[in-house]
Amino acid sequence: MRFNLAGRPLNQASPLGYERKRKRLRDDVHHNRHAGFTLIEVMIAVVIVAILAAVALPSYQQYTKRNHRAGAKVALLMDAQFMERIFTESNAYNKNAAGASITSTSLPYQKSPIDGTEVVYNITITVDATSCNTIMGTPICYILTATPATGGPMVGDACGALTLNNQGIKGVGGSTVTECWGK
């Protein structure tokens, strides 16, 4: 008499029954062996994800900071265009054609980004006789400043505040102009 792998006697008359039983036994053995992941496999996957996150996170943070600075530069340049239109109309930076004083609240873009409710940079203007040249007592310059908003994502950024004056000269409160305005 012949026996199968499970130790049961084989039915010589029914080879089809033998094949079915053999397949079921083989499937049961393989099913129990591969029911899940081992702890080592899970730990290797966690380590790989941690390494990828350690590489990707600083890169992503630098990307978002460059993006926020780009938004501030756009707002400063658009405010500079506004100030040049004021100068064309009134021949002065400190008042418009109607004689109203130009202050930070007069600027079309007082924050960055220029749309939405989030404030990353606050934009101010300085137009006074002590910070620039005057013609007959009228200031003929301005300095636009984009300062990181308190509690915002750019607080502590290496570039600090970004500045732009009427001559197009760019400045920063921290790092180098090339590094902060060039990227």
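Scanning region 99-124 for residues that are closer than 12 Å to ALA146 by Cα and free of Cβ contacts under 8 Å to residues at least 40 places away in the same chain yields a total of 7. Pairing residues of region 42-69 that are closer than 26 Å to ALA158 by Cβ with residues that are of a type outside the set (Asp, Glu) and assigned to a helix (DSSP H, G or I), at Cβ distances under 9 Å and at least 6 apart in sequence or on separate chains, gives ARG69/CYS180; ARG69/TRP181. Within region 106-122, the residues that satisfy the criterion of being surrounded by 18 or more Cβ atoms within 10 Å (Cβ to Cβ) and over 18 Å from ARG85 (Cα atoms) are LYS111, SER112, PRO113, VAL120, TYR121, ASN122.
For ASN96, the requirement of being without any contact (Cβ under 8 Å) to a residue 12 or more places away in the chain and within 22 Å of ASP128 (Cβ to Cβ) is met. When the residues of region 106-121 are filtered to those that are among the polar types (S, T, N, Q) and over 18 Å from the mean Cα position of the chain (by Cα), which remaining residue is nearest to LYS73 (Cα to Cα)? Taking the candidates together, the pick is GLN110. Screening THR88 on (1) surrounded by 10 or more Cβ atoms within 10 Å (Cβ to Cβ); (2) closer than 29 Å to ASP128 by Cβ; (3) without any contact (Cβ under 8 Å) to a residue 12 or more places away in the chain shows it passes everything except condition (1).
Taken together, the values in this text are just the output of simple stated rules run on the coordinates, not laboratory data. These numbers were taken from a predicted model, which means no experiment stands behind them. Please note: Cβ atoms are built from the backbone with ideal geometry, for glycine as well, and neighbour counts cover all protein chains shown.
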